[in-house]
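Structure first, commentary second.
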Amino acid sequence: MTEQTRVARPIPRRGRDRNLVDVHPDWPDGPLPALVRANVPDVDLAGWLAGHRDEVDELARRAGAVLFRGFAVAGAGDFRTVLAALSGDVLSYGERSSPRSQVAEGVYTSTEHPADQPIVLHNEQSYTVNWPLRIVFHCEVAPAAGGRTPLADSRRVLARLRPETVAEFERRGVLYRRTYLPGISLPWQTAFQTERRDEVEAYCARALIDVEWVGETQLRTRQVRPAVRRHPVTGERTWFNHALFFHVSSLPEDVSAGLRAALDEEDLPYQTAYGDGTPIPDEVLAELRAAYAAETRSFDWQRGDVLLVENMLAAHAREPFTPPRRILTAMSDPVAAPELTEAVRSGTAAAGGRA
């Protein structure tokens, strides 16, 4: 889906900004994302947000994402100012699973993944015990072709799954296995932002991750997380996990086949299973893909766009593209998992991970 000329009837504005900005709760064929559009040049988005924060929060939670278009946002400096208007708690990127470059405090390039390959729908850092409630994007350079950021409402994805599928995931959880192989996957030094093994072990103990060192250079980790979470503000149940994203079958077919032919299962860079280690059946993986596909919406990026995504309510992805393309991103408003709070209370987090 791309933006069309006809848009939903805007919410009436009051006061002096009535003719400057229009708020559209719906795109022509659905609510994701909502659209906030500046009607004249040089409208300051951070300034506008200062007077409309409650309205934007409500809109974002209802729709799952809000696209701000036509405002005077050009580059990392302006984007960082917008972030400050949206949240007082912008995060650094920890427990990394993809290569990025930091361009300002809390501002990073989007995943530096080959332009000809897609990135599967996912909710940012759902495999951690501290994840961002929001992820925000800024289009600094629009792609020459392709490169959209598809979205899918995670509440609606959950509703499309068979009750027995959801029940099985809720009973068992999701096991994330990760092997840091030099030359194949992201080095553990990059993922954990340290050169010291003891610091990795301390981090993993706090984050309920099991650690295994193999030889001098290889690290394996295991962690079990729920597949379904509740949004801390709205209370809604949402499909919030990386069960499909990190499954080896989600890689391009030739890459997946090559890795499986070359490596033992335990040495795959990423793999998921049910929380007890049982493989996720192919038909269940197909069901997950179909549910995501049915709920996917997207739009064409324009220079200056800012996209606010409610991370627990909407999954995001990336289409292949023709360069150039430069999308900046930031995360904000950390949420601590209930199991982390319980582990700290009981002393489990200090003792080590859990899988």
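A few points about this structure:
- Acute angle (nearest 10 degrees) that the helix 76-86 long axis makes with the longest principal axis of the chain, alpha-carbon atoms: 90 degrees
- Mean projection area, nm², convex hull over Cα of segment 115-198: 9.1 nm²
- Shape category assigned to segment 45-159 from the gyration tensor of Cα positions, a/c cut at 1.5: rounded
- Shape of segment 121-250, Cα gyration tensor, a/c cut at 1.5: oblate
- Helix 282-295 axis versus longest C-alpha principal axis of the chain: approximately 10°, rounded to the nearest ten.
- Label zone at Ala115 (point 7 Å along Cα-to-Cβ), backbone N below 14 Å, segment 321-343: 321-327
- Residue-level accessible surface for Trp48, protein heavy atoms, 1.4 Å, Å²: 20 Å²
- Glu265 paired with Val233, simple spin-label distance in nm, labels 7 Å along Cα-to-beta-carbon: 4.2 nm
- Rounded, prolate or oblate (a/c below 1.5 giving rounded, otherwise prolate when a/b exceeds b/c) for segment 33-112 by Cα gyration tensor: prolate
- Among the trypsin sites (Lys or Arg not before Pro) in segment 23-119, none is located in a DSSP loop while being surrounded by at most 10 other Cβ atoms within 10 Å of its own Cβ.
- Segment 154-212: GluC sites (Glu not before Pro) in DSSP loop, at most 15 other beta carbons within 10 Å: Glu195
- Rolled with a 1.4 Å probe across the full set of protein chains, the surface gives Ser332 an accessible area near 10 Å².
- Degrees between helix 253-262 axis and first principal axis of the chain (Cα, 0 to 90, nearest 10): 20 degrees
- Gaussian network model of the chain, Cα within-10 Å springs - most flexible of Ala257, Ala115, Ala159: Ala257
- Along its first, second and third principal axes, ordered by size, segment 186-256 spans 44, 37, 18 Å in Cα coordinates.
- Whole-number D in µm²/s for the chain (Stokes-Einstein; Kirkwood sum over Cα pairs; 25 °C, 0.890 mPa s): 116 µm²/s
- Between Ala72 and Ser346, full extension at 0.36 nm per residue minus the direct alpha carbon distance yields a gain of 93.7 nm.
The values are calculated or read from the model by the stated rules, or taken from the named source; none is laboratory data. Source: prediction; values computed, not measured. For neighbour counting, all protein chains shown are included, and Cβ atoms are generated from backbone atoms with ideal geometry for every residue, glycine included. Quick note on the areas: whole protein, heavy atoms, side chains included, nothing else; ligands and nucleic acids left out. Shrake-Rupley method; radii C 1.70, N 1.55, O 1.52, S 1.80 Å.
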